[in-house]
Amino acid sequence: AQGIGTALFEELAFDDFGVGQSRLMEMVEAKPNLIKFDRVLIDRIDEADSSRVNLLRHLKELASELNIQTLAECVSSEGEYNTCKTMGFEFYQGFYFAKPQPASNFVK
């Protein structure tokens, strides 16, 4: 990938993975660098039945086999974080870590 400030980026990320049927083929064919797993897959995963947990685990494993990094979106509890961490997610995003804030809090 090119550095910040250049017009060219060679990395691809998928957002909202898990919503819609065509995303699996896109993942295999496009081979993005990163996939953000949608909140519908992450929400209360620590309390979910085994079939839902296994679905997420298998999708994560498929991404790993394709050398795609993964991000768990909308992680809101320690249980969700721990479950995703056990599955091997590389990145996390959500209220468990911080509430949304205006950009002005970070930029002078």
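The values are calculated or read from the model by the stated rules, or taken from the named source; none is laboratory data. Quantities reported herein were computed from a predicted structural model and do not represent experimental measurements. Backbone-built Cβ (ideal geometry, glycine too); neighbour counts: all protein chains shown. With ligands, DNA and RNA removed, areas are computed over all heavy atoms of the protein, side chains included. Shrake-Rupley method; radii C 1.70, N 1.55, O 1.52, S 1.80 Å.
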Original post:
Any idea how many residues of segment 24-44 are buried (at least 17 other Cβ atoms within 10 Å of the Cβ) and closer than 13 Å to Thr70 by Cβ?
Top reply: 9
**OP:** Determine whether segment 71-79 contains at least one residue that is of a type in the set (Ser, Thr, Tyr) and more than 14 Å from the chain's Cα centre (by Cα).
**Re:** yes
**OP:** Residue by residue through segment 24-50, note down the ones that are assigned to a helix (DSSP H, G or I) and modelled with pLDDT under 95.
**Re:** Leu24, Met25, Glu26, Met27, Val28, Glu29, Ala30, Arg39, Val40, Leu41
Original post:
Is there a residue in segment 70-86 that is in contact with a strand residue (DSSP E or B) (Cβ under 6 Å, 6 or more places away or on another chain), open to solvent by 70 Å² or more (accessible area, probe 1.4 Å) and at pLDDT 95 or above?
Top reply: no
**OP:** Filter segment 60-69 down to residues that are in contact with a strand residue (DSSP E or B) (Cβ under 7 Å, 6 or more places away or on another chain) and assigned to a helix (DSSP H, G or I), then give me how many there are.
**Re:** 2
